[in-house]
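In what follows, a structure is listed as structure tokens, so that the remarks can point back to it.
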């Protein structure tokens, strides 16, 4: 499987700008013969519960329709939920679209304590076939959840947006520290959890948004935490890579 992975700046609430960039990356995936484009957690809305959209919103349906001629696209949003019993909090949702339709939806299940006041939890993990590859989505902190790796998936998709705490980054040294923390955290989980024959694909929000910084990084990681290929630092970028 050929993947387009990305470190992407996703400004909070900038639906038009984020949609435009999503279309550009989808086109890049098509031009490079990719089977799947993986975008970060909450890539469409930015990391902003106040920008939540329903899956029937025009912005979402336009993006799904753009996958009609391939490749498949995994993108994220804060999703407003109108079902009975909903308490007004959105979910952190990752949509897999292809052939112009929604193929699968994963709502973040393992919410860290700092996300629980603003977001609702989803209902667990499911495998999804993509051609001859079995995938499962693990959003950000879910990369460290043992149950993800017991489902027999060939490929774990890890869209992420780990906000960097503390003062805003104003030097390359500050950005490097945030990047090294995130890269090291994912590699430690991969070393502990990745089984032989299973691969981990990471796409991460990158750069400074209106009120928060994100560490970037895209990579394909193999068993034992071995890096098959990766972007070199925290800056925005695109990585086209074939799973071995």
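Rule-based calculations on the coordinates, nothing more; no lab input. Here the structure is a predicted model, which means the values were calculated and not measured. Every residue, glycine among them, receives a Cβ derived from its backbone with ideal geometry; neighbour counts consider all protein chains shown.
Modelled spin-label separation between residue 235 and residue 69, with each label point placed 7 Å from Cα along the Cα-to-Cβ direction: 3.2 nm.
Peptides 105-111, 35-41, 208-214 ranked from most to least packed, by the mean per-residue count of other Cβ atoms within 10 Å: 35-41, 105-111, 208-214. Restricting the calculation to Cα atoms, every distinct pair contributes to the Kirkwood radius of the chain, found to be 17.6 Å.
Bridges between two residues of the chain, per DSSP, are antiparallel at a rate of about 65%. Remark: spin-label model distance residue 181-residue 146 equals 2.7 nm, labels positioned 7 Å along the Cα→Cβ axis.
Computed extension length for residue 174-residue 208: 11.0 nm, one decimal, from 0.36 nm per residue of separation with the Cα-Cα distance subtracted.
Shape class of segment 82-226 from the alpha-carbon gyration tensor: oblate, with a/c at 1.5 or above and b/c at least as large as a/b.
If r is the Cβ-Cβ distance from residue 114 to residue 16 and R0 is 35 Å, what FRET efficiency results, to the nearest 0.05?
Numbers: r = 29 Å, r/R0 = 0.82.
The calculated FRET efficiency here is 0.75.
Taking 0.36 nm per residue of separation and subtracting the current Cα-Cα distance, fully stretching the chain between residue 58 and residue 227 would add 57.0 nm.
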